[in-house]
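Only the coordinates and a few stated rules stand behind these numbers; no lab work does. Values in this document were obtained by computation on a predicted structure and should not be read as measured data. Because the Cβ atoms are built from the backbone with ideal geometry, glycine has one as well, and the counts that use them run over all protein chains shown.
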Amino acid sequence: MKFLFEYRNPEKVAQYLDEITKTVTRPWKIMELCGGQTHSLVKNGLLALLPPSIQMVHGPGCPVCVTPLHLIDKAVYLAKEKKVILCSFGDMIRVPGSQGSLLEAKATGADVRILYSPLEAVKLAQQNPDREVVFFAVGFETTAPANALSVLHARQIGLTNYSILASHVLVPPAIDAVMADEASQIQGILAAGHVCTIMGVGEYDELAKRHQIPIVVTGFEPVDLLQGILMTIRQLEAGQAFVENQYSRVVHAEGNPEARRAIEEVFVVSDREWRGIGTIPQSGWEVKPNLASFDATAKFDVQIPQAPECADCIAGLVLKGIKKPVECSQFGKKCTPENPLGAPMVSSEGACAAYYHFADLA
Amino acid sequence: MCLAIPGQIKSIEYQYNGMVKMAKILFGGITKEASLDMVPHAQIGDYVLVHVGVAISVIDEEEALKTLSYLEEIGELDELVESAQIDRHGL
């Protein structure tokens, strides 16, 4: 596949590993923000191939992992008690809430559907005019345009039975939260290429200056990741701290203006609770009040108690890069992808699942 | 979740009475439908990056090649810096 396979070239990978080894003179701690990058680093065995002085720390960029427990409980309640057609991405359906996952709700008769795109949910609402359709809209900035577009499409065609349960989180406030935690001690950051495809790189210039840290916007294939790491190390070794764009074939400095316009039309910035991390001010998006009829939170009255998190799960420490999955006492024991205690063991982008599936490579 | 795949636009059509711009996109051997609302200037034959059924960027061929030649570029750059240093130190 063009624009994919050439960035998996083993010879190039070897050249980059060689150049990284030649460049590095002391230990550096670099965080890759996006769970997709974590997955690629682990799956391709890159962690074991990097020189030992480079420590990759896995960041909180797994939207399914940081979606709060009470929102999952709310989704389960909507599916079971309000009898809506509840749909979402496959990973989200499998994350455990306090009353089980959406998949378990489906097993007991609730109408839960796994979809590839929120636009399919709009079609579903059109085909089922006598049913309420709710899309559990999770995601970082990358996914927000698609979720916003589903609302705009639904409004355009005059649907009254479609709404989204929004769980949208933003990367820059998460960088602030990670940098503020003294235990993390991150020295360089690989920013998430697809988030920047939408948002551009402007907000990262300010972060790089304020935290005096190199930030390299990076793609997802092995050559992309190694090039991003090399760019970060070259800055660190030279005592520099600025924003570089490794993923220039996709990311433009200004982002995608159409996508940002759709986001601005549908969402407004709000405080957000991040599962395992806590509430981060101004770190998410919620549906604007003038579109309340497309907002499941406003549309359905759901009064359910806040449930406590599983005491054995250290997801918060894993998401902030303070602990590795294998440092958890339950990893691979009580907690497995088939029977997860926490979300990072569920999502393909969760660090725990990546370490579990590719244990011999991590 | 933020997974996005590059594919080539094979055809473009308008749905919902022309309100929505959709395309058939070829990914390797698989064709899937995606919205072009976020990349209004994309044409048939262009490669776009698709995330959850929405094309979010047109892939820049020239930049794609630059990434692949980065090592050569920094090699030349390092040589330049080195020769400038040698000049400065009069070695």
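Taking amide H positions as modeled 1.01 Å from N, with prolines and chain starts lacking one, the residues under 5 Å from A:G139 and 5 or more places away or on another chain are A:S167, A:V169.
If a spin label sat at a point 7 angstrom from the Cα of A:S53 along the line to its beta carbon, the backbone N atoms of the range A:219-258 nearer than 20 Å would be those of A:226-241. Sorting A:V178, A:V151 from the fewest to the most surrounding beta carbons within 10 angstrom yields A:V178, A:V151.
The alpha-carbon of B:K66 sits under 23 angstrom from the alpha-carbons of these lysines, leaving out residues fewer than 8 places away in its chain: A:K2, A:K12, A:K22.
Only lysines eight or more places from A:K299 in sequence, or on another chain, were considered; those with a Cα closer than 27 Å are A:K74, A:K80, A:K82, A:K83, A:K106, A:K123, A:K288.
With θ taken as phi - 60° and the Karplus curve 6.51 cos²θ - 1.76 cosθ + 1.60 applied, the whole-hertz 3J(HN,Hα) list for the range A:178-183 is 5, 5, 6, 7, 4, 5 Hz, x standing for glycine and proline. Rounded to the nearest 500, the helix-only mean residue ellipticity at 222 nm of the protein assembly as shown stands at -11000 deg cm²/dmol, with each DSSP H run of n ≥ 4 adding -39,500 (n - 2.57).
Peptides A:331-341, B:12-22 ranked from most to least packed by the mean count of surrounding Cβ atoms within 10 Å: A:331-341, B:12-22. The residues A:M56, A:M199, when put in order of fewest to most other Cβ atoms within 10 Å, stand as A:M56, A:M199.
Note on the range A:1-149: along the principal axes its Cα atoms extend 64, 36, 25 Å, ordered by decreasing extent. For the segment B:65-73, counting C-beta atoms of other chains within 10 Å of every residue's C-beta and taking the mean gives 5.
The simple spin-label model puts a point 7 Å past each Cα toward its Cβ; for B:F27 and A:R8 those points are separated by 1.3 nm.
Projecting the Cα atoms of A:M179, A:A343, A:Q212 onto the charge dipole of chain A, computed from C-beta unit charges around the Cα centre, puts A:A343 farthest toward the positive end. Dividing the mean sequence gap of close Cα pairs (under 8 Å, 6+ apart) by how many residues the range A:315-357 holds gives a relative contact order of 33 percent. Per-residue shielding of A:244-256, expressed as the average number of other chain Cβ atoms within 10 Å of the residue Cβ, stands at 4. Against the main long axis of the alpha-carbon atoms of chain A, helix A:10-23 sits at an angle near 60°.
Evaluated at q = 0.32 Å⁻¹, the base-10 log of the normalised Debye intensity for the range A:315-357, with identical point scatterers placed on the Cα atoms, takes the values -1.26. Sorted on the mean count of surrounding Cβ atoms within 10 Å across their residues, most packed first, peptides A:227-239, A:108-120 read A:227-239, A:108-120.
The phi torsions of the range A:295-304, fed into the Karplus equation with coefficients 6.51, -1.76 and 1.60 and a -60° offset, translate into couplings of 9, 4, 5, 7, 6, 10, 7, 10, 10, 10 Hz, rounded to whole numbers, with Gly and Pro shown as x.
Along the Cα-to-Cβ line of A:E254, 7 Å from the Cα, sits a label point; which residues in the range B:28-53 have backbone N less than 14 Å from it? Counting backbone N atoms under 14 Å from the label point, the list is B:40-41.
Here A:C65, A:C310, A:C87 are placed in order of increasing Cβ neighbour count within 10 Å, fewest first, which gives A:C310, A:C87, A:C65.
Computed 3J(HN,Hα) for the range A:265-278, one whole-Hz value per residue from the Karplus formula 6.51 cos²θ - 1.76 cosθ + 1.60 where θ = phi - 60°, is 6, 9, 10, 10, 5, 8, 5, 9, 8, 9, 4, x, 10, x, glycine and proline marked x.
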